[in-house]
1. Kindly check whether there is at least one residue in the stretch 3-25 that is over 20 Å from R134 (Cβ atoms) and modelled with pLDDT of 70 or more.
2. Strands (runs of 3 or more DSSP E) wholly in the stretch 426-533 with at least 3 residues that are under 30 Å from A348 (Cα atoms) and not aromatic (F, W, Y) - which ones?
3. How many residues are surrounded by fewer than 17 Cβ atoms within 10 Å (Cβ to Cβ), within 24 Å of the chain's Cα centre (by Cα) and not aliphatic (A, V, I, L, M) if we restrict to the stretch 206-223?
4. Pull up the stretch 33-59, narrow it to residues that are modelled with pLDDT of 90 or more and closer than 30 Å to G245 by Cβ, then point me to the one that is surrounded by the fewest Cβ atoms within 10 Å (Cβ to Cβ).
5. Is it the case that some residue within the stretch 171-180 is part of a loop (DSSP other than H, G, I, E, B), surrounded by 18 or more Cβ atoms within 10 Å (Cβ to Cβ), modelled with pLDDT under 95 and more than 26 Å from the chain's Cα centre (by Cα)?
6. Suppose we filter the stretch 342-361 for residues that are within 12 Å of A374 (Cβ to Cβ) and either modelled with pLDDT under 95 or hydroxyl-bearing (S, T, Y) (or both); how many remain?
7. When residues of the stretch 329-352 are filtered for being surrounded by fewer than 17 Cβ atoms within 10 Å (Cβ to Cβ) and of a type in the set (A, V, I, L, M, F, W, C), how many remain?
8. Applying the selection to the stretch 84-110, what residues are surrounded by fewer than 18 Cβ atoms within 10 Å (Cβ to Cβ), farther than 23 Å from G52 by Cβ and at pLDDT 90 or above?
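The values are calculated or read from the model by the stated rules, or taken from the named source; none is laboratory data. Since the structure is predicted, the reported quantities are computational estimates derived from the model, not experimental observations. Heads up, the Cβs are rebuilt from the backbone with ideal geometry, glycines too, and the neighbour counts pull from every protein chain shown.
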Amino acid sequence: MFRTLATSTIALIAGAAPLFAEVTPSQVWENLTDYYNRIGYEVVVGQENDGGDTLTLGDVVIKSPENEDYTTNILIPKVTLQQTGDANVRTVFDGDITADFTSPMPDADDMEVSMVIAMPGNEMISSGTPEDLRHDFTYPTMTLSVNFGELSEGVEMPLNISLTDLAGTQTTKLTEGTESVYDMTAAKLTAEFAADQPPSEDGTPQDGRIEGSFEVTDMVMKGSMITPAGEVDLTNDMTAALTAGLFTDGTFSSGPIAGSFHFSGQNPEGQPEEASGSFSAENSELVMELSEKGFSYSGNSGRTEAEVNVSSLPFPITYAADSASGAMAIPVLQSDTPQPFKFAYELAGLTLSDEIWDLFDADQQLPRDPASLAIDLDGDLLVNDNLFDPDFGQTLTEQADGEQADGDDATGDALADGADGTDVQDMPFVPQTLRIAKLALDAVGVTADVTGELDLSQNPQEPVGTIEGNFTGVSGLIDKLIAMGAIPQEQAMGIRMMLAMFAKPVNDDPDNLRTELEFREGGSIFANGQQVK
């Protein structure tokens, strides 16, 4: 569903006006139609009036081909393409654009999304040559009214989005395929949503409602796309497009973000309840890239603050973080050769309100300093299925259902069988190597720093390699938990003995520990030279 919405909406909003514009209106439209046809859509024109220097089109429909998985239908009431007298073409969309999307959902009714887009005062000027075109567009305001259909029986959640001062450029070069680059800015985006409370489990109507809004300012969107020669179907056959050389990347950055919500209704016990919340974040950035080499994503944000008030709680729930970032890179095409992957996440300066701390530490035994977490993993995977094939999601669902029904033994058998290659093709991902570049935690007076490398190519259940870790403050934390009553005194000795099996003091300091876990062939594990398995 996301892929359908993304390709359709981006094509409509970011480059809906002449993506392959020529220097005459008729050539603009011809190339625009060819563009949509090549990426798997059909364009149908209700009325056409070609006056030479002005081309007027009415009831233009952009729709997906016949497909059992989804449908897309976009209606543009009127498009006017007119020469400006200086070899340029001016394109204007008149009337509200409507779009309808339908996609099946697992074990549920089809997901239906409808959208109405208004762009008063919109204009795009196309200039250059047929082989190298530049498009300058301005949308003073753009509003999107989105309805996600019924979330449950009789419940809908409309979403209203407004963009102001949207402007930018797009260039298109014709090579063997096409190369497009866009650069857009928008002063502000605002969004509002509302929904009635769904009925209870026994079907009793609930007299409740939730409303919310958020605002993003100073947005910048940049990106590019290279489409290979010939026809490519980005909606039904992304695998073939990537194999042929499809490449796309994009960057989204923004200034401050702020939002809020309010709920008034009944809790699960049927009692009246009120809730409200707000959040804010400083500058943020998202970066993505997709090609035959894989899909990569990264993002970061500045300081974030959030607060939630619930009428049944005596105090607000508040937290804040100085910064957060994340990154992921995974292969997307099947290959008999291992391909690299990466996962990273970092959260810095996490703080909770004293009211939350007091719930479990009223005497302030634990340090309440800002906490941090950092994860940096990479390695290699065997990919046995193309991630964008339509049946990939169904395969994962069937495997998840099978594992849930059969229990953990099914998972263990599958991994063990995969070791000798008998059933490895049934697994979409088979890990080959894992490197822990960094796994660090700093919270409640404890620090942990873990690194290591593992080889899982022979059997994912029996890795070979070493993991090393350094820890401080663990003994002190145990003492504090005992004083708080979180750990009974009679269990403390057993916990310390277990800890001593895996970690040894550094320089005879019981609060400064080090461990080395060695995973050997055959499944044996040694901790600091002593076999524990």
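1. No, there is no match, as no residue in the stretch 3-25 is over 20 Å from R134 (Cβ atoms) and modelled with pLDDT of 70 or more.
2. On the way: elements: 429-443, 446-455, 464-472, 504-506, 509-519, 525-527.
The qualifying strands (runs of 3 or more DSSP E) are 429-443, 446-455, 464-472, 504-506, 509-519.
3. Summing the residues that are surrounded by fewer than 17 Cβ atoms within 10 Å (Cβ to Cβ), within 24 Å of the chain's Cα centre (by Cα) and not aliphatic (A, V, I, L, M) in the stretch 206-223 gives 6.
4. This residue is V44.
5. yes
6. Matching residues across the stretch 342-361 total 1.
7. Qualifying residue count, the stretch 329-352: 3.
8. Once the filter is applied, which keeps residues that are surrounded by fewer than 18 Cβ atoms within 10 Å (Cβ to Cβ), farther than 23 Å from G52 by Cβ and at pLDDT 90 or above, the stretch 84-110 yields G95, D96, T98, D100.
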